[in-house]
Amino acid sequence: MMSDTLRAVILGIVEGVTEFLPVSSTGHLLLAERFFDLGEGDFWKSFAVLIQLGAILAIVALYFVKLWRVAVGMFSNADDRRFVIGVLVAFLPAVVIGLIAGKYIKEVLFNPWVVCFSLIVGGAVLLWVDQLTLKPRLHDATRFPLLTYFWIGLAQCLAMIPGVSRSGASIIAAMFLGADKRAAAEFSFFLAIPTMVGAFAYDFYKNRGEMNADHLGIVAIGFVVSFVTAIIVVKTFLEYVTRHGFTLFAWWRVIVGTLGLVALALGH
């Protein structure tokens, strides 16, 4: 029987590694729960949401200087103010769709079959995007046009289907709208901050009565592990994707999705 501490460490690593890669952290966590018995039960479903804050704080730590400059400058600098508005504009579609269809999405789409098919389809899309000759004209994630921010936010909503990948959907949308790979990836990081903080706050408030001291300790372990892992992954990912594209992540998605479908077909 695996201890809760070891489960928290493993799931924290899975979250930290996959949150900002275009491979779907939610999909990987769902498959880990299904095939490796790492997270069955209501507490572990909440745990998977709560530890996302650790990964988000990794972004805040890595981009603290830039984010602080924007926070201070938005009252006096038009460009900084427009970026803050842009993030909120991009965040809005997820809020609206989440409020309208969130319960339906969790009840119907959160199953391993959907995850596996989504991983494979998303992998095929990434392979296709890597073959295109796009001509980027936007090189700073804080200087996109407002309409570009909105369309990226709309594309992010596709990630409400587990297995699609929030970062993957927003990165691809940004690239099609003229961003280079690095700027597209960086904006997906920035957009994750309000998106994941909102999910964290909602889930913590909803389940606050069920949290005891032991639960908070387990969440803290997963939180720290996801924070440290995410810092390492984000720094590595930006350099890698700028030079080599998305092929590695595309094939990872296809392999994991295919293995998952085989296991499901065999009754696992």
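The values are calculated or read from the model by the stated rules, or taken from the named source; none is laboratory data. Given the structure is predicted, the values throughout are model-derived calculations rather than measurements. Positions of Cβ are generated from backbone atoms using ideal geometry, with glycine treated the same way; all protein chains shown enter the neighbour counts.
A few remarks follow.
For every residue, the table says whether it meets (1) closer than 22 Å to H28 by Cα; (2) touching a strand residue (DSSP E or B) at 6+ places or on another chain (Cβ under 6 Å).
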{"site": "F117", "(1), (2)": "yes, no"}
{"site": "I120", "(1), (2)": "yes, no"}
{"site": "F144", "(1), (2)": "no, yes"}
{"site": "W151", "(1), (2)": "no, no"}
{"site": "L154", "(1), (2)": "no, no"}
{"site": "G168", "(1), (2)": "yes, no"}
{"site": "F176", "(1), (2)": "no, no"}
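- Residues that are under 18 Å from S170 (Cβ atoms) and out of contact with any Ser or Thr (no Cβ under 6 Å at 6 or more places or on another chain), drawn from the stretch 79-90: V84, I85, G86, V87, L88, V89, A90
Conditions (1) surrounded by fewer than 22 Cβ atoms within 10 Å (Cβ to Cβ); (2) modelled with pLDDT of 95 or more; (3) touching a helix residue (DSSP H, G or I) at 6+ places or on another chain (Cβ under 8 Å), marked per residue:
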site	(1), (2), (3)
A94	no, no, yes
C116	no, yes, yes
V129	yes, no, yes
C157	yes, no, yes
A169	no, yes, yes
A179	no, yes, yes
F187	no, yes, yes
M196	yes, no, yes
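- Scanning the stretch 122-170 for residues that are without any contact (Cβ under 8 Å) to a residue 12 or more places away in the chain and not in a loop (DSSP other than H, G, I, E, B) yields W128, Q131, L147, L158.
- Selected residue (criterion: modelled with the highest pLDDT) from residues of the stretch 198-215 that are closer than 30 Å to V96 by Cα and among the aliphatic types (A, V, I, L, M): A201
- Residue match in the stretch 32-49 (condition: crowded, with 16+ Cβ neighbours inside 10 Å and closer than 25 Å to Y149 by Cα): yes
- Summed over the stretch 53-78, the residues that are exposed (fewer than 15 other Cβ atoms within 10 Å of the Cβ) and in contact with a Ser or Thr (Cβ under 7 Å, 6 or more places away or on another chain) give a count of 0.
- Residues that are aliphatic (A, V, I, L, M), over 18 Å from the mean Cα position of the chain (by Cα) and modelled with pLDDT of 80 or more, drawn from the stretch 6-56: L6, A8, V9
- Flag for I218 being over 30 Å from K181 (Cβ atoms), crowded, with 16+ Cβ neighbours inside 10 Å and either in contact with a Leu (Cβ under 7 Å, 6 or more places away or on another chain) or of a type in the set (A, V, I, L, M) (or both): yes
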